[in-house]
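Participant: Below you'll find the structure I mean.
The values are calculated or read from the model by the stated rules, or taken from the named source; none is laboratory data. All values derive from a computational prediction rather than experimental measurement. Neighbour counts run over all protein chains shown; Cβ positions are idealised from the backbone, glycine included. What goes into the accessible areas is simple: the full protein's heavy atoms, side chains included, and nothing from ligands, DNA or RNA. Shrake-Rupley method; radii C 1.70, N 1.55, O 1.52, S 1.80 Å.
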Amino acid sequence: MNSAESTQEHESSPGGGLAAIRCSAFLFDLDGVLIDSTPAVHRVWAQWAMEHGLDPDAVVAHAHGRPSLSTVRRFLPDADHELENRTVERREIEDVEGIVVLPGAAELLTSLPPQRWTIATSCTRRLAEVRLRAAGLPIPQCIVTSTDVTRGKPDPESFLKAAAKLGFRASECVVCEDAPAGVVAGKAAGARVVALRTTFPEAELCAAGADFVVNSCADISVTESAGNLTLHLKSVNV
């Protein structure tokens, strides 16, 4: 067993659920994992869709877990993509009403050594920082946003860069995601993926390749021993 495999080892509980996963670091998505910005996302993207004669439900569904620029390109292939993207970003930055911390997120981050976790999000850096401040969560030094990558999720670039910034291989990390695009990205990076049932149906998360599915960060706890992290899950489907 190589070092990457050993840090990802897991053990089953007597009841068949997962008891523990050993890893080196955690890579979190932001929206739907640490914070809930769903009302703001729906308001901004639905308004944008209606202004362009698009189906709001289809646009909102596609926008979750992907960089805003990719959604603009998908639905308005002939538009000024940068201009439209700036419009969406400005509206999202201005709309922080209803942004809250999701269950267990603050407690989980507090329990982790600061150098052992970061965020890899499809938000721009400005938007990510605005939402983290609105939710009262810390902004990690090594945060990776859509501003820092050339290929957004489901491409693995964001998770590969986030792991490297922490000094680890992605295969030594656990990714926490809520969207199928993010699950695909985490798996493509070589990480184990814990998916949360906060945004998408469990069936879609499993179809995307999630290793484990839990309700929220409240189902995740971490212990540290001799510099090694052990992730404990409850209410898990494997």
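Participant: Rounding to the nearest 10 and keeping the result within 0 to 90°, find how far the Cα-based axis of helix 125-135 lies from the longest principal axis of the chain.
Facilitator: With both axes taken from Cα atoms, the answer is about 70 degrees.
Participant: Can I ask one more? Restricting everything to alpha-carbon atoms, can you work out Rg to Rh for the chain with a Kirkwood hydrodynamic radius? Before the final figure, lay out the partial values.
Facilitator: On the way: Rg = 17.4 Å, Rh = 17.9 Å.
Ratio of gyration radius to Kirkwood radius for the chain: 0.97.
Participant: Using C-alpha positions alone, give me the convex hull volume of region 187-232 per residue in cubic angstrom.
Facilitator: Numbers: hull volume 3.6 nm³, N = 46.
For region 187-232, the hull spanned by Cα atoms encloses 77 Å³ per residue.
Participant: For the chain, what's the relative contact order in percent, using C-alpha pairs closer than 8 Å and at least 6 residues apart?
Facilitator: Values: 488 pairs, mean separation 60.7, N = 238.
Averaging sequence separation for qualifying contacts and normalising by length gives 25 percent for the chain.
Participant: So what J values fall out for region 49-64 if you push phi through Karplus, 6.51 cos²θ - 1.76 cosθ + 1.60 with θ = phi - 60°, rounded to Hz, Gly and Pro as x?
Facilitator: Values, residue by residue: 4, 5, 4, 9, x, 9, 6, x, 5, 5, 5, 4, 4, 6, 5, 4 Hz.
Participant: Enumerate the amide H contacts of Leu102 below 5 Å, restricted to partners 5 or more residues apart or on another chain; note that Pro and chain-start residues carry no placed amide H.
Facilitator: Distant-sequence amide H within range of Leu102: Ile35, Asp36.
Participant: Round to the nearest 10 and give me the degree value, 0 to 90, for the angle of helix 81-94's Cα axis relative to the longest principal axis of the chain.
Facilitator: So the inclination is approximately 70 degrees.
Participant: State to the nearest 20 debye the size of the charge dipole of the chain about its Cα centre, where the only charges are +1 on K and R beta carbons and -1 on D and E beta carbons. Spell out each step's value before the answer.
Facilitator: Details: 22 positive and 31 negative charges, 105 e Å.
Here the chain has a charge dipole of around 500 debye.
Participant: Taking all protein chains as present, what is the carbon and sulfur share of the accessible area of the chain, in % to the nearest whole number, probe 1.4 Å? Spell out each step's value before the answer.
Facilitator: On the way: 5240 of 10240 Å².
Here it works out to 51 percent.
Participant: Considering only C-alpha atoms, what is the centroid distance from region 99-114 to region 118-161, in Å?
Facilitator: Cα centres, region 99-114 to region 118-161: 16 Å.
Participant: May I pose another question? Taking only DSSP H segments of four or more residues, each worth -39500 (n - 2.57), what value at 222 nm results for the chain once the sum is divided by all its residues, to the nearest 500 deg cm²/dmol? Intermediate values should be presented prior to the final figure.
Facilitator: On the way: 10 runs with 93 residues, N = 238.
After summing the helix terms and dividing by the residues of the chain, the value is -11000 deg cm²/dmol.
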